[in-house]
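These notes are about the structure you will find just below.
Just so it is clear, none of the values below were taken in a lab; they were calculated from the coordinates. Small disclaimer: the values here were computed from a predicted structure and weren't measured. Neighbour counts run over all protein chains shown; Cβ positions are idealised from the backbone, glycine included.
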Amino acid sequence: MAVQTVAPAAADNAAPAVDLGPASGLSCRECGEVFALGPIFACELCFGPLEVAYDLPAGDPEELRKRIEAGPANIWRYAPLLPVPADVAEKPNLNPGWTPLVKADNLAREIGVAPGRLFVKDDSGNPTHSFKDRVVAQAIEAARAFGFTTLSCSSTGNLAGAVGAAAARAGFRSCVFIPHDLEQGKVVMAGVYGGDLVAIEGNYDDVNRFCSELIGDPLGEGWGFVNVNLRPYYGEGSKTLAYEICEQLGWVIPDQLVIPIASGSQLTKIDKGLQELIKLGLVEDKPYKIFGAQAEGCSPVSAAFKAGHDVVRPQKPNTIAKSLAIGNPADGPYVLDIARRTGGAVEDVNDEQIVDAIKLLARTEGVFAETAGGVTVGVTRKLVEAGVIDPNLTTVVLNTGDGLKTLDAVADSSQATATIRPSLDAFRDAGLAH
Amino acid sequence: MAVNVRIPTILRTYTGGQAEVAAEGATLAEVIADLEKNHTGIAARVLDDQGKLRRFVNVYVNDDDVRFEQGLETATPDGAGVSIIPAVAGG
Ligand SMILES: Cc1ncc(COP(=O)(O)O)c(C=O)c1O
Ligand SMILES: [Zn+2]
């Protein structure tokens, strides 16, 4: 049969249908300008970051709550509130989320918090052992919607692993970029999934700059950078932490949250998630305080908070908490706004305090955190001691990554208690019997 | 001083789609003023109402973030590369 070629209808210049569920567009967080859904991330007018805007489900909150509770035990239970197609759970992805909210009474006792009041949201149980699986799961749906075939990112390590794994599962090519001096655990986890892994001679801020230039160049055409041109969608993944924490507390907002800061995106989006829950009537509106946690060796946001500034002066990082080593945090100004608006604070701890906190959490709750978790627990302890965090209110501390990725931080001080011959006498002599 | 300025995608409407343009100036402020002469409208995108760099734009002279240097007063030596880059998140 002959096929006749027909010129495309000239008048038909409607935007291609992009199905990202309830997402209705992108809006500038700075000036409010609205844009159509697309792989764009900065406002054309003011350079402000673009955020997903929604037509959120209207109607009976009780019904929505039931619908969520009947959903899968992963982030897709919240699909009606996320920029993903309605059938997202049927697509190949890593299905992260619904991680434990650990009631941390032992830790509470040691740091002086009232029993029953302290919780650790332990995100080390995600598929690639960090919270980054949440953000990548959103970004990959956007990548599908926009027709990208290569998935990429600039990363301090965890994001690279999450992108590599998610791309492998979903059938994308991946090519990720990291600073050259990361922990071995993170390098291996970024490389093992078979994508390309490029180590850049420089720190994370250099990697970021390189990726930003790649995106504007023909070399990067067709590439979806989860944290650059897919950033608005990526960021929404962190809201699932807010949703889960509230649902796990019985649809209640905790009084205080302690959140690690690298770029500040996660903290900013957790606040956005809490605001949406309130707007939807899924939780009661009540005050909450958000506390940001940084490592002293990379504490640009903490320094700005303490100095009363609303701009963040970049730093050159030098800390064992490499996952948080972003010296020029894009969402820093928003973190300052949120900490101040909610009555929270931003604090930092040094490398020694980070290691102590990793061991404290492991010893008291059996949770082995990477250095970012050490930062958060260390800052929690410091702020309780300083009387800034109220020990009688409900506090949720985030552990965002797995200690197996940063073994070096505690390797020296976590060796065998004794090395003995396999004999009862030797064991008695070692003095370990009770 | 003659410098090369790398233009991010969102500003290329002002440079006729060009990713890199030449400009003159001994400091970043002078370079931006010169850019504005040839590509009207670009300065208002990069600078706020007070004439300061907008808080979500990063500018590098060669490899240095100008906020580590003297901001708009940062020297732009002959042959330098200037990059204008929107802030990005994540890690
Ligand atoms: C384990 C871990 N926690 C927290 C963060 C902070 O994320 P954000 O850049 O959203 O502030 C990162 C970022 O890389 C991370 O790897
Ligand atoms: Zn704007």
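Backbone geometry of the stretch A:393-399 corresponds, through the Karplus equation with coefficients 6.51, -1.76 and 1.60 at θ = phi - 60°, to 3J(HN,Hα) couplings of 9, 6, 10, 10, 10, 8, 9 Hz, x marking Gly and Pro.
Just flag the GluC sites (Glu not before Pro) in the stretch A:177-236 sitting in loop per DSSP whose Cβ has no more than 15 other Cβ atoms within 10 Å.
Passing both the DSSP loop test and the Cβ count: A:GLU201, A:GLU221.
Residues whose amide H comes within less than 5 Å of that of A:HIS180, counting only those at least five positions distant or on another chain, are A:ILE200, A:GLY202 (H built at 1.01 Å from N in the peptide plane). For the peptide B:79-87, the mean number of other protein chain Cβ atoms found within 10 angstrom of a residue's Cβ is 5. Summary of the geometry: the stretch A:232-261 and the stretch B:39-75, compared by the centres of their Cα atoms, lie 35 Å apart. Karplus-derived 3J(HN,Hα) values for the stretch B:59-71, using 6.51 cos²θ - 1.76 cosθ + 1.60 with θ = phi - 60°, are 10, 10, 10, 6, 9, 9, 4, 5, 6, 7, 9, 9, x Hz; glycine and proline are entered as x. A crude spin-label estimate for the pair A:ALA303 and A:ASP285, with each label 7 Å from Cα along the Cβ direction, gives 3.9 nm.
Counting alpha carbon pairs within less than 8 Å and at least 6 residues apart, what relative contact order, in whole percent, applies to the stretch A:275-426? Please list the in-between numbers first.
Details: 217 pairs, mean separation 31.4, N = 152.
Relative contact order for the stretch A:275-426 comes out at 21 percent.
Site pair A:GLU62 and A:ASP408 shows an inter-label distance of 5.7 nm when each label is modelled 7 Å from Cα along Cα→Cβ. Between the stretch A:105-181 and the stretch A:323-373, the C-alpha centres lie 16 angstrom from each other. Taking other residues whose beta carbon is less than 15 angstrom from the beta carbon of A:LYS66, and scoring Lys, Arg as +1 and Asp, Glu as -1, yields -2. Taking the simple approach of a point 7 Å from Cα along Cα-to-Cβ for both A:ASP390 and A:ARG363, what is their distance in nm? The modelled label-to-label distance comes out at 3.0 nm. From helices alone, the protein assembly as shown scores -9500 deg cm²/dmol at 222 nm; the rule is -39500 (n - 2.57) for each run of n ≥ 4 DSSP H residues, then divide by the residue total.
Once the Cα-Cα distance is subtracted from the 0.36 nm per residue extended length, the A:ASN318 to A:ALA430 segment shows a gain of 36.3 nm. Note on B:ASN4 and B:ALA33: the extension gain reaches 9.0 nm, defined as 0.36 nm multiplied by sequence separation minus the Cα-Cα distance. Within 10 Å of the Cβ of each residue in B:52-64, the mean number of Cβ atoms contributed by other protein chains is 4. Per residue of A:308-316, other chain Cβ atoms within 10 Å of the residue Cβ number 2 on average. Label zone of A:ASP217 (point 7 Å out along Cα→Cβ, amide N under 16 Å): in the stretch B:69-91 this covers B:81-86. Note on A:ARG134, A:ARG144: ascending count of other Cβ atoms within 10 Å places them as A:ARG144, A:ARG134, the fewest first. For the listed peptides A:356-365, A:151-160, a ranking on the average number of other beta carbons within 10 Å per residue, highest first, reads A:151-160, A:356-365. Taking R0 as 35 Å, what FRET efficiency do you get between B:ASP64 and A:ARG340 from their Cβ-Cβ distance, rounded to the nearest 0.05? Between B:ASP64 and A:ARG340 the formula returns 0.70. Assuming charge only on the beta carbon of Lys and Arg (+1) and of Asp and Glu (-1), the dipole of the protein assembly as shown about its Cα centre is about 920 debye to the nearest 20. With 18 Å as the limit on Cα-Cα distance, the pairs of A:LYS186/A:LYS269; A:LYS289/A:LYS382; A:LYS91/A:LYS121; A:LYS239/A:LYS279; A:LYS306/A:LYS382; A:LYS269/A:LYS289 that go past it are A:LYS186/A:LYS269; A:LYS91/A:LYS121. Place a label point 7 angstrom from the Cα of A:VAL188 along the Cα-to-Cβ direction, then list the residues of the stretch A:389-403 whose backbone nitrogen is under 11 Å away. Those under the cut-off are none; the list is empty.
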